[in-house]
Structures are given as structure tokens and as C-alpha cells.
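**Student:** Just passing along the structure, written as C-alpha cells.
Quick note: the coordinates plus some simple rules give every number you see, no bench work behind them. Computed from a predicted model, the values in this text were never measured in an experiment. As a convention, Cβ positions derive from the backbone with ideal geometry for all residues, glycine included, and neighbour counts pool all protein chains shown.
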Amino acid sequence: MGTTPDKLVERYLKHLEVELDDLPRDRRREIVDEIAGHITEARAGLEHESEADVRNILEGLGDPADIAEDARERFEVQPTAPAPPYKPGWMEVAALVLLLIGGVVLPFVGWFVGVILLWLSNAWNVRDKVIGTVFVPGGLGLSLFLLVFVGSTSVSHGGTVCEVDPSTGREINCTELPSSEPSTDVADFLKFGVFVAIVVAPLVTTAYLAYRLRRQPSAATA
Amino acid sequence: MVAGKQDALLAQMRKGTLQYCVLALLADEERYGFDLVRSLAETDGMVTSEGTIYPLLSRLRRDGLVDTTWRESSSGPPRRYYRLTKAGRAALDAFKGEWGRFRDAVDHFVERKAG
């Protein structure tokens with residue numbers, strides 16, 4: 001697993017290319033090509049090339065970061081500043097609102113716009129965006145759809161009957177039923193679990209995304 | 001802290017004058033990059049990172065002070081040869097005059113106090 005001279009040179013040139021990223025493409029190419037040529041010339045002049053020889057050649061050329069700094073100065077190129085800490089704006093708020101209840105207002109489309117905004121925003125990382133998209137497609141709109149069309153308007157679980165508020169998808173007006181309807185039905189219990197999950201999951205996801213939104217800028221400045 | 005400032009100043013002076021040293025090396029003959037670097041490195045203290053010559057050469061080319069031509073090499077891949085343009089020669093001559101005056105002026109004070 002020793003480093004061969006070729007590997008050293010390859011690694012050096014790759015490093016240099018990355019460091020020169022701020023330069024216009026043609027200048028970067030020219031400099032990298034010329035330095036690669038320099039290394040070839042220097043190696044050709046060696047009688048018995050050793051790893052130490054190659055290391056000396058690369059050290060003579062200097063740290064790629066130094067060369068890049070010099071090049072930026074020569075070409076009066078500003079190094080790209082690290083992105084400023086992100087301040088959540090209307091786009092993030094709209095994304096959160098639409099993800100949660102967009103599907104209720106405008107079935108599917110409202111939620112879908114929320115997803116687009118979510119992915120356009122720089123405030124979340126990819127993992128957050130995937131979570132926001134997958135849990136739960138449609139947001140509360142899906143919950144509502146399932147509750148209304150799959151479950152019937154009143155959900156019976158255990159000894160409780162709830163009505164579903166069609167505008168929010170939440171269960172309201174829950175009333176305890178007398179024990180005439182026993183709560184041992186496994187299917188009912190499962191159904192209840194699924195309903196709770198699809199109502200709770202979008203709420204939890206939204207809360208999580210909002211939390212990430214508040215955390216991120218302060219984490220970036222810390 | 002004073003030493004640090006002095007180092008930075010010397011580095012700036014080296015950087016500022018390096019391009020004229022390169023132009024001067026090209027005054028009589030065309031040269032390829034590695035050859036130029038070798039000549040500069042022979043004089044101690046002129047170049048700390050040899051790699052920095054290449055951004056400089058690229059800049060000189062874009063400023064029209066040098067021209068380049070590719071030539072076949074007997075010992076490997078073709079080489080890019082640099083040679084002075086008219087504008088490059090004019091820049092070098094102008095610098096020579098200014099530099100002479102500047103060097104004499106600095107010497108006048110520094111050498112008198114030291115000696």
C-alpha cells in the first residue's frame with residue numbers, strides 16, 4: 001500500500017485543481033497543465049527516480065494552496081466567500097405551511113408546491129428535505145383524504161367516537177361511547193393506529209423542520 | 001511582530017519584481033516553463049514556491065507581455081515556449097529605468113547608515 005511517485009503526482013495535481021477552483025476554467029487548465037509539464041520535465045531529468053525525488057519536486061513547486069493564493073492575486077480574483085449564515089425567509093415559512101396543509105387547500109398540488117419550495121431552500125440539508133418529502137406525502141391532506149374516503153367520517157376506535165374536522169383533518173368532538181361497543185376489535189385498533197400515525201407524522205415532521213430552521217443559523221454562526 | 005511585517009514586505013517586493021525578472025530572462029531567448037523556473041531558482045531568495053511562476057506566466061501571456069509557441073521536444077512531450085513581445089520589452093525597459101533610480105535612492109540611505 002506504499003505511495004508510488006505516480007500517485008503522489010496525481011494527488012498533488014488533483015489538490016491543485018481543487019485549490020484553483022476560483023479561477024476561470026481556461027486559466028486553471030493552463031496552470032495545471034504547465035505544472036504537470038514541469039513535473040514531467042523534472043522527473044525526466046532524474047537518473048533513478050525515487051519517491052523522495054518526487055516529493056522534493058512537489059515540495060519545490062510549493063503547497064497548492066499557496067500557488068492558488070498567488071494565482072488569485074495575479075488574476076485579481078476574489079476567493080469565494082463561505083456562504084453567509086442562512087436566514088429563514090418567506091420561502092421556508094411557505095414551504096412548511098404548504099407541506100402541512102397545502103394538500104388540504106388544494107389537493108396534492110398545494111403539497112407539491114411545498115415540496116418544491118422545500119428543495120429550493122438552502123435552509124435545510126438533503127436529509128431534512130428527504131424527511132420532509134417522505135413523511136408524509138400530501139401532508140394533512142392525505143390524512144384527511146384517508147379519514148374521509150377510506151375511514152368514513154367518523155372513526156370508531158375503542159370506546160370513543162370522533163368526528164373529523166374536514167378543514168384541518170384533526171379529530172374533534174370525541175365522545176366516549178357506552179360500553180355497548182367493545183373495544184377489543186383488533187382491526188379497529190390497527191386502523192386507529194394508522195390514522196393517528198398519518199395525522200401525527202406530518203405534524204411531527206413540520207415541527208422538526210421548523211426546529212431545524214431555527215437551529216441552523218445559530219449553529220452556523222457559533 | 002516587526003519581523004513578521006518585514007517578511008510580508010519582502011514577500012510583496014519579491015512578488016512585485018518577479019515578473020520583471022521573468023521578462024528579463026526572456027529578453028535574449030525564448031524559454032519553456034521548467035527552464036525558466038530552473039534559472040530563477042539558481043538565484044537564492046527569488047522564488048520560494050516554484051509553482052507560483054506558472055500563474056505569473058499565464059498572466060503575462062494574457063496581458064500580452066509574452067507570447068507562446070509549442071515546440072516538439074527531443075526528450076518528451078511538446079513544450080510551451082515563452083518569448084517577449086514588443087509590449088513586454090517596453091515594460092521591461094521602463095521597469096529597468098525606474099528600478100535603477102529606486103535602488104540607488106534606497107541604497108543612498110540604507111548603505112550610508114549601515115556603512
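Rundown of residues vs (1) at the interface with chain B (Cβ under 9 Å from one of its Cβ atoms); (2) buried (at least 16 other Cβ atoms within 10 Å of the Cβ); (3) among the hydroxyl-bearing types (Ser, Thr, Tyr); (4) more than 27 Å from B:Gly16 (Cβ to Cβ), yes/no style:
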| position | (1), (2), (3), (4) |
| --- | --- |
| A:Arg11 | no, no, no, yes |
| A:Ala65 | no, no, no, no |
| A:Ala68 | yes, yes, no, no |
| A:Glu76 | no, no, no, no |
| A:Ala95 | no, yes, no, yes |
| A:Gly103 | no, yes, no, yes |
| A:Trp111 | no, yes, no, yes |
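**Student:** Check region A:40-62 and report whether any residue there is buried (at least 16 other Cβ atoms within 10 Å of the Cβ), of a type in the set (D, E, K, R) and under 19 Å from B:Tyr54 (Cα atoms).
**Tutor:** Looking for residues that are buried (at least 16 other Cβ atoms within 10 Å of the Cβ), of a type in the set (D, E, K, R) and under 19 Å from B:Tyr54 (Cα atoms), one finds at least one in region A:40-62, hence yes.
**Student:** Related question: Kindly establish whether A:Glu17 is more than 12 Å from every other protein chain (Cβ to nearest Cβ) and within 21 Å of B:Arg62 (Cβ to Cβ).
**Tutor:** Yes: the conditions hold for A:Glu17.
**Student:** Which residue pairs have Cβ atoms under 9 Å apart, sit 6 or more places apart or on different chains, and have a first residue in region B:73-102 that is away from every other protein chain (no Cβ under 14 Å) and in contact (Cβ under 8 Å) with a residue 24 or more places away in the chain and a second that is among the polar types (S, T, N, Q) and in a helix (DSSP H, G or I)?
**Tutor:** The qualifying pairs are B:Ala91/B:Gln19; B:Phe95/B:Thr17; B:Phe95/B:Gln19; B:Trp99/B:Thr17.
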